[in-house]
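These notes concern the structure reproduced below.
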Amino acid sequence: MNLVIKERFWAVEAPTRTTKTVKVPLVVGKVPGMERHGMHFTIDSVTDEGVQVTVHYQNEKYNETWTVTEEQGVYYRPISMDGGYEYLMDLKKGLFGK
């Protein structure tokens, strides 16, 4: 099984589009290919219940951690009023579409 992270760009009055999709094995460590302006993702632990994923920022107070399971993916959109990037994390291909 793999962790799939889909990065999408969104903006007010513009169509949302996928800018990057990364598929990585469930191995603890930094997720390669998911760095942007000082932000990156890591896989912190892998258990039978799910995979713990953290987004890290230069300012640690903005870091967030989730548990992604086979039954439930994670949607993450950093605070923004007019556009930016959002992330879909999944363990099952197809949960958020292809």
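The values are calculated or read from the model by the stated rules, or taken from the named source; none is laboratory data. Predicted model only: the values in this text are computed from it and were never measured. Quick reminder, even Gly has a Cβ in these numbers, built from the backbone with ideal geometry, and neighbours come from all protein chains shown. Side chains are part of the model used for accessible areas, which takes the heavy atoms of the whole protein and leaves out ligands, DNA and RNA. Shrake-Rupley method; radii C 1.70, N 1.55, O 1.52, S 1.80 Å.
When you scan the stretch 77-96, do you find a residue that is modelled with pLDDT of 95 or more, open to solvent by 80 Å² or more (accessible area, probe 1.4 Å) and over 17 Å from G29 (Cβ atoms), even just one?
no
Regarding M34, is this residue in a strand (DSSP E or B) and surrounded by 17 or more Cβ atoms within 10 Å (Cβ to Cβ)?
no
Please enumerate the residues belonging to the stretch 1-28 that are at pLDDT 95 or above and over 14 Å from the mean Cα position of the chain (by Cα).
Answer for the stretch 1-28, where residues must be at pLDDT 95 or above and over 14 Å from the mean Cα position of the chain (by Cα): R17, V28.
State which residue is farthest from the chain's Cα centre (by Cα) when the search covers only the stretch 76-89 and only residues that are outside any loop (DSSP other than H, G, I, E, B) and within 14 Å of T65 (Cα to Cα).
Of everything passing the filter in the stretch 76-89, Y76 is farthest from the chain's Cα centre (by Cα).
Which of the residues spanning the stretch 29-51 are in contact (Cβ under 8 Å) with a residue 40 or more places away in the chain, more than 17 Å from Y85 (Cβ to Cβ) and over 11 Å from the mean Cα position of the chain (by Cα)?
Selection gives G50, V51.
Could you list, in sequence order, the residues of the stretch 1-29 that are more than 22 Å from E70 (Cβ to Cβ), open to solvent by 80 Å² or more (accessible area, probe 1.4 Å) and not acidic (D, E)?
V12, P15, R17
If S45 satisfies every condition in (1) in contact with a Lys or Arg (Cβ under 7 Å, 6 or more places away or on another chain); (2) in a strand (DSSP E or B) but one, which is the exception?
Among (1) in contact with a Lys or Arg (Cβ under 7 Å, 6 or more places away or on another chain); (2) in a strand (DSSP E or B), S45 violates only (1).
Determine whether the stretch 58-75 contains at least one residue that is in a loop (DSSP other than H, G, I, E, B) and within 11 Å of the chain's Cα centre (by Cα).
Scanning the stretch 58-75 turns up at least one residue that is in a loop (DSSP other than H, G, I, E, B) and within 11 Å of the chain's Cα centre (by Cα).
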